[in-house]
Amino acid sequence: MASSLSPECTPLKTQYDACFNSWFEGYLEPAVAASSTKNRQEYSKRKAEEEYKACVQKAVKDSGLESTLQQARDEHPLKSPPPPDPSSLEQGKKH
């Protein structure tokens with residue numbers, strides 16, 4: 001497992017990774033996971049994600065990377081994927 005951008009964020013990253021992996025296993029096998037356990041895991045994952053995200057955002061700001069990231073976003077903005085080709089959807093229905 002890789003370290004985080006900032007050493008102080010690595011424990012939060014480890015916690016988030018563990019929560020995500022646990023959630024993902026339940027996502028892959030939904031019949032196995034109990035709903036109360038899934039809700040608890042989802043809350044825990046969300047909380048870990050929020051704490052880790054806040055830590056990384058602070059590390060980005062403290063290291064002076066904000067302007068570099070903004071420049072990258074401006075030069076190469078994320079785009080939504082194109083909608084599926086209707087003809088490929090029709091072909092899938094025929095099979």
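A short reminder: the numbers here are calculations on the coordinates, not readings from a lab. Everything numeric in this text was worked out from a predicted model, so none of it was measured.
Pairs exceeding a 20 Å alpha-carbon distance, out of Lys53/Lys79; Lys45/Lys79; Lys13/Lys58; Lys13/Lys79; Lys13/Lys47: Lys53/Lys79; Lys45/Lys79; Lys13/Lys79. Taking amide H as placed 1.01 Å from N in the peptide plane, Ser6 has no amide H partner under 5 Å among residues 5 or more places away or on another chain. Using 0.36 nm per residue of separation minus the Cα-Cα distance, give me the extension gain between Glu29 and Ser3 in nm, one decimal. My answer for the length gained is 6.5 nm.
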